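Working notes, beginning with the structure itself.
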Amino acid sequence: MPQIAQIAETYASQIFWMLLTFGFVFFVIGRGMVPKVQATADARDAKITGDLDAAKAAFARADEAEADYRTRDAESRAAAQATLARAKAEAAKASEGQLAAADAEIATRIGAAEARIQAASQAAMAEIETVAAEAARDMVARISGVNASDEAARNAVKAALAHG
Amino acid sequence: MAESGKIDPMHQFAIEPLFGTDHLSLGGYNIAFTNSALYMVAAAVVLWIFVIGGMKRELVPGRWQMAVEYMTGFIKSLLIANVGEGGKKYIPYVFSLFMFILLANLLGLLPLGLIGLHPFTFTSHFTATGVLAILSFSIVLIVGFWKHGLHFFSLFVPHGTPLPMIPVIFPIELVSFMVRPFSLGLRLFVAMTAGHVLLKVLAGFVINSSNAGVGYGLTVGSASFILMIGISALEVLVAVIQAYVFALLTSVYLNDAENLH
């Protein structure tokens, strides 16, 4: 077995080259390069975690914004409905007032017209009375030759008219 | 390798100095650049190239960067699972350990013999695995005494041990603790050696039975060859598992040092 048979001649060389090569591996590769490789991997992990967190935060913000939008939407809807209701009530009130005013106007006009009609019909009646009284005097004078007084004729016409 | 029809399955573990560095020495010790050292350098260089591909540092990684980050992430989760958040500071060490052993095991399995090269698995030498095991164990000791001081010895007295049992339990726990570097280093060495010996023995069967005649070659040889295919796949699995076991046990031991228990 050369491992044992050659040990006396080779142990020093084996240990020397082992320490030299492993020293190179440890100090140059292990200490010098591996931490940089590891740092890159760690940085990537950190970046991924950070990005995920940011995405989560953005998601939460989006949810918040949506909730905010919904409440504002509901609020503005309510406000619009309130404005609409108020406008409706106002319009109803205004039209009621106008209607009432128009009613009153119509009523006064009707009243005035009725009064005018009455006055006209009274005037017409008076006219008819005068004409009838004159006609009655003329008839009395023609038939009987008696000049009936204006007073009597008028009374007779009134009586006749009252009887209809 | 084959001397007069005889195949030595152990020859693959022989260490040979390369490039005439037989007598290179440092402070009286021979540090010849051997085939073992060549494969250590190869494993380090391949690992270096692999990790360079992961240094693009792009936010959206390519395939290569993804592979490197997968490996570092794998070691990170291994340490977090076994040691907790405090285990992150051992990522460079355990990553180096795992990848270096893994590449050593896999490079040793490459069928380079087909193009005339001699593949060598330095993790099949306990002089190599021992260095790594002692390193891991030393880190456990240093961290343990650094963090907990002499309180670290309470590791050898499990929770709820009745007082009269402590003199018995303490030496048992101490021995099981002291055995750790040996089990750590020997496990890897034994697993890699056994696998490579088995492959080489089966390969010897194929060659020798074919040399003995067509009948032997078709029966014993082809059966051995089919078995070799399966065992080669198993060896790839063992290469990964042994690297993982080494890293896992290191992190389990680090957990003792970090958190006691």
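Taking the C-alpha atoms only, the angle from helix B:180-212 to the longest principal axis of chain B is near 10 degrees. By the Stokes-Einstein formula, at 1.306 mPa s and 10 °C, region B:11-259 with its Kirkwood radius over alpha-carbon pairs has D equal to 76 µm²/s. Annotation: amide H-H contacts under 5 Å for B:Thr34 (H modelled 1.01 Å from N, sequence separation of 5 or more, or interchain): B:Leu18. Using C-alpha pairs under 8 Å with a sequence gap of at least 6, the mean separation divided by the residue count of chain A gives a relative contact order of 10 percent.
Tell me the angle of helix B:222-259 to the major Cα principal axis of chain B, expressed in degrees between 0 and 90 and rounded to the nearest ten. Around 20 degrees separate the two axes. For the protein assembly as shown, the normalised intensity computed at q = 0.08 Å⁻¹ comes to -0.68 (log10 of I(q)/I(0), Debye sum over alpha carbons, equal scatterers, no solvent). Other residues within the sphere of radius under 15 Å centred on the Cβ of A:Tyr69, judged by their own Cβ, net out at -2 (K and R +1, D and E -1).
Taking only pairs that are 8 or more places apart or on different chains, how many Lys pairs in region B:11-259 have Cα atoms under 28 angstrom apart?
8
Going from the fewest other Cβ atoms within 10 Å to the most, the residues A:Ser95, B:Ser232 appear in the order A:Ser95, B:Ser232.
Ordering A:Gly30, B:Gly221, A:Ala5 by the projection of their Cα atoms onto the charge dipole of the protein assembly as shown, which places +1 on the Cβ of Lys and Arg and -1 on the Cβ of Asp and Glu, puts A:Ala5 at the extreme positive end. Size descriptors for region A:93-164 (Cα atoms only): Rg and Dmax, in that order, 22.1, 75 Å. Taking the charge dipole of region B:11-259 about its Cα centre, with +1 at Lys and Arg Cβ atoms and -1 at Asp and Glu Cβ atoms, the residue from B:Gly20, B:Ser154, B:Phe95 reaching farthest to the positive side is B:Phe95.
Taking every C-alpha pair closer than 8 Å and separated by at least 6 residues, the mean separation divided by the residue count of chain B gives a relative contact order of 24 percent.
For chain B, the longest principal axis of the C-alpha atoms and the axis of helix B:91-109 are separated by about 20°.
The numbers here are math on the coordinates, done by the rules we state, and not lab data. As the structure is a prediction and not an experimental result, all values here were calculated from the model. Here Cβ is always computed from backbone atoms with ideal geometry, including for glycine, and neighbour counts include all displayed protein chains.
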